[in-house]
Amino acid sequence: MTATDRSRIIHHLIRAAILTGFAMYIVYLVRSDSLTLYIAPRMVIYVKISAIGLYATAIYQLYAALQAWAGRKTAACECNHEPSSSITKNTLIYGMFILPLALGFILPDASLGSSAAAKKGVNFAGAELLATGPKPAAAPSAVDEGKQEAAPSPGGPKTEAELDAMFPSDEYTESHAKYGKQLYKQDIISVPEKQFIETLTTLDLFRQNYIGKTVEISGFVHRQEGMGKDQFAISRFAMNCCSADALPYGLMVSYPRAAAYNNDAWLKIRGELTEDMFDGNRIIVLKAKQLQAIEAPESPYVYPDYDFGL
Amino acid sequence: MTIIYRLGTPLLAAGCLIMLARILSGGGVTDLLLESPSLQSFKILFISIILEAFPFILLGVLVSALLQVFVSDALIARLTPRNPIAGVLFGSLLGVLLPLCECGMIPVVRRLIRKGMPPYIGIVFIFAGPILNPVVFTSTYTAFRTQPSMAYSRMGLAFAVCVVLGLLLYKYMKKSPLREEKQAHMHVHNHDHPHSDKHHHAHNHRHDHEHHDHNHAHGHEHGHSHGSHNGSAVRRSWSGRLGSTLAHASDEFFDIGKYLILGAFITAFIQTILDRSMLTALSDQPGMENLFMMAFAFAVSLCSTSDAFVATSFNGIFGSGALLAFLVFGPMVDLKSTLMLLATFRTKVVLTIIAFIFAAVFIGSIIIQQFIMA
C-alpha cells in the first residue's frame, strides 16, 4: 500500500465520520425535540431528509475507504476537489466541519432569549408594517371614522354595520379586520400562540377599538434601552425559516413594580390596553393588572399563521 | 482558497481554545462563558444557518452529481439558447422552474458551465435564481400585505439587474470565469492511472471527469475508457453510476460545505454582536439608508424566502427604497454566498460582478423609490 492510498483511506474515514456526525446530530435534535429551536416546523421534514442523505454519503465514504484498502480505485470525482496533501490545511478544513458539531453536542440546547431580543429590537407594533409606508389613502381617514362611530355607544353590543364601520379595511387588511371583529366581541382578548403575530398586528392596527379592553398575553420579559423602571416588554420570538431570521414580537408592559421581574422570566400578564409614546412612536401598552409566572413553553417560538385570512 | 486559510485559522483557534479551556477547567471557569447569553445566541444562529442550508446544499450537490453522471455535454449544448438575449432571459427566468436557494445553486451552475453551458447564462442564473422565483414572490407579497408594490418592485428590479448583468457578461467576459484547476489536476495525475495520463492532458477538463469516473468505477473495464470521453455515459452500469453520483456528491459537499460553515460562522457572529439600534441611528442621512440596508443584507445572509419578513420589521425606520435595496441585494449577494462563489469562480470575476450588482441595486432602488413607490 502506498502513502497515497493510506492518505486516501484516512480522508474517506474522516469524511465518513463527519457525515455520520452531522446525521447523528440531526437525529439527536429530533429525538430530544429540540430541532425546532433551530428551524421552523415547516423546514423540519427537509432537514430530516437531509440526515438520510448524509447517512447515505457516509456509507459511501466507508465503502470507498474499504475499496481503497483493498487496493481498488473507486469512482472519485477528480474535479478540482482532490483533497490537499498538506496536513495543516486538512486539519483546518476538517476542523471547520467539526466545530459546529462540537458546539452542537457540547453546549446545552437553549432558545434565544432577552439578550438577543435586546440586540434585535422588539417589534412592538406588529402593525407598524401595515400602518406606515405608502399605503392606500383610504385607511388613515377610515380609522378616524371608526373612532368617531365607536364613540356614541361605548361598551354596548354592536350591530354588524357598526362593527363594519369600526373595522374599515381595504383588500390588504381585510383578514385583519375580520379577525378584529371576532376579537372585539371577546370580553378578555387573549393573544393565542397560533396567531400570536396576527393578533398583535390586529390589536395595533385597530387600536382605537381596543383601548381600555382587557388583554392577556404570555411571553418572556426583556428590556431595551430607553425603557423606564416601570416598563418591560413581553415578547415571543417569531420564526419564519430558521432562528437566524427570528424576531421578537410583543407588547410593552407598564407596571409599577416591573423591576421585580427579571429578564427571560416567563409571565402571563393580564391588563388593560392603553397607548403611550416610546422612542418617538405611539405604541400600544399593556397596563398590567395581574402577573403570573409560568413555565417556559415547549416551543419558545411562534410562527406566522400561513392560513390566516384564507 | 486563501480566504479560508486567512480567516479560518484564527476562528478555528478560538473555537479550539474554548473547547480546551472547558476540558482543562472541568467546566468550572468556562461555565460562565458557556452560559453567557451571547454564546448561546451565537450557537443557535450558527447551527440554525447550517441546518437550514443542509437540505439545499445536499439537493444542489445531488442535482449537480446527477447532471455530471447522467446528462451529456451534447444535451446541455443543445438545450441552451444560442442567441445572447434569449440566453440571458433563459438564465434570469430559470429560477421560476428551479427555485433553489443560492447554496444549492452554485454546485449546479459550476457543473453546467463545466459541461459547456455558456458561463454568462450560468452566472445570471446564480444571481437571478434565489430571487426571481415564485416562492420569494409569494413570501414578499405576504410580508408586505399593504404594499404590494414592494413585491412587484423587488421582482422588477432584480430582473432588470440580472438582464443587464447578463448582457455585460456576454460582451466583456471572454475567459472562463471558473477557477483554474491545474493544480488539482496535476495532483490527480500524480497517483492515478499512469497509463492514461498523456491522454488526459490532451483533453478538456470536463472530459476528464467522465473518463475518470468510468475508470474508477470499473477497474476491469479499462478497455472501454478511451471511448467514453465524448461525454456519453450510456454504457455504464447502474451501480457504477450510483457510485459516481455519490462520489461527486460527497466531494462537492465537502468542497462547498466549508464555505457554508465559514459563512455561517461569520454571519452568526455578526448577528450576535450587531445591535439594531446602531443601525437606526445611522438612518438619517439621505441615500445612506439604502447603502446601510444593503450592507446589512450582505452581513446577515438570510435565506431569500424569509428575508421579506425581516425587512418588514424595519418598516417605519427605513424608507421603502432602502427596504427594496435590502430585498434585492440580499438574495443576490451575501457573505455566505460570496465565500462560496469565490471557491468556484475567479476572484476578479466575483468582485466585479458584486461591485456591479451593488451599484445597480443602489441606483435602481433610489429611482424606484422616487418615481414608483413615492
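The values are calculated or read from the model by the stated rules, or taken from the named source; none is laboratory data. Since the model is a prediction, treat every value here as computed from it, not as a measurement. Every residue, glycine as well, gets a Cβ built from its backbone with ideal geometry; the counts of neighbours run over all protein chains shown. For accessibility, only protein heavy atoms count, side chains too; no ligands or nucleic acids. Shrake-Rupley method; radii C 1.70, N 1.55, O 1.52, S 1.80 Å.
By average Cβ neighbour count within 10 Å, what is the ranking of A:32-38, B:331-337 from highest down?
Top of the packing list down: B:331-337, A:32-38.
Between A:Ser190 and B:Phe269, the FRET efficiency from the beta-carbon distance, with R0 = 25 Å, is close to 0.05.
In the range B:238-260, burial by the other protein chains removes 40 Å² or more of accessible area from B:Leu246, B:Ala247, B:Ser250, B:Asp251, B:Phe253, B:Phe254, B:Lys258, compared with the chain on its own (1.4 Å probe, ligands and nucleic acids ignored).
Residue by residue along B:296-309, Cβ atoms of other protein chains within 10 Å of the local Cβ number 3 on average. Please state the shape class of the range A:268-310: rounded when a/c is under 1.5, otherwise prolate if a/b exceeds b/c and oblate if not, all from the C-alpha gyration tensor. In terms of gyration-tensor shape, oblate. Normalised by the number of residues in the range A:3-106, what is the relative contact order in percent for Cα pairs under 8 Å and 6+ residues apart? In percent, rounded to a whole number, it is 41. Estimated from the Cβ-Cβ distance and a Förster radius of 30 angstrom, the FRET efficiency linking B:Gln370 and B:Ser176 is about 0.15. Oblate is the label for the range A:190-264, because the ratio a/c of its alpha-carbon gyration tensor axes (a ≥ b ≥ c) is 1.5 or higher and a/b is not greater than b/c. Exceedance of the 26 Å cut-off in Cα-Cα distance is limited, within the set A:Lys119/B:Lys336; A:Lys89/A:Lys120; A:Lys48/A:Lys119; A:Lys120/A:Lys178; B:Lys115/B:Lys171; A:Lys185/A:Lys289, to A:Lys89/A:Lys120; A:Lys48/A:Lys119; A:Lys120/A:Lys178.
Surface composition of the range A:3-106: carbon plus sulfur atoms hold 69% of the accessible area, using a 1.4 angstrom probe and ignoring ligands, DNA and RNA. Calculated on the Cα set of the range A:3-106, radius of gyration then Dmax: 15.7, 47 Å.
Please give the average number of partner chain Cβ atoms lying within 10 Å of the Cβ of each residue in A:58-64, rounded to a whole number.
3
For A:Phe308, no residue whose modelled amide H falls within less than 5 Å of its own remains once neighbours fewer than 5 places apart on the same chain are excluded. Count Lys and Arg as plus one, Asp and Glu as minus one, and take only other residues whose Cβ is under 9 Å from that of B:Glu252; the net charge is then 0. Per the accessible-area calculation with a 1.4 Å probe, the total area buried between chain B and chain A rounds to 7400 Å².
Annotation: per residue accessible area for the range A:3-106 equals 45 Å², rounded to a whole number [probe 1.4 Å, protein chains only].
Tell me the Kirkwood radius of the range A:234-310: reciprocal of the mean inverse pair distance over distinct alpha-carbon atoms, in Å. For the range A:234-310, the Kirkwood estimate is 14.3 Å. Residue by residue along B:36-43, Cβ atoms of other protein chains within 10 Å of the local Cβ number 6 on average.
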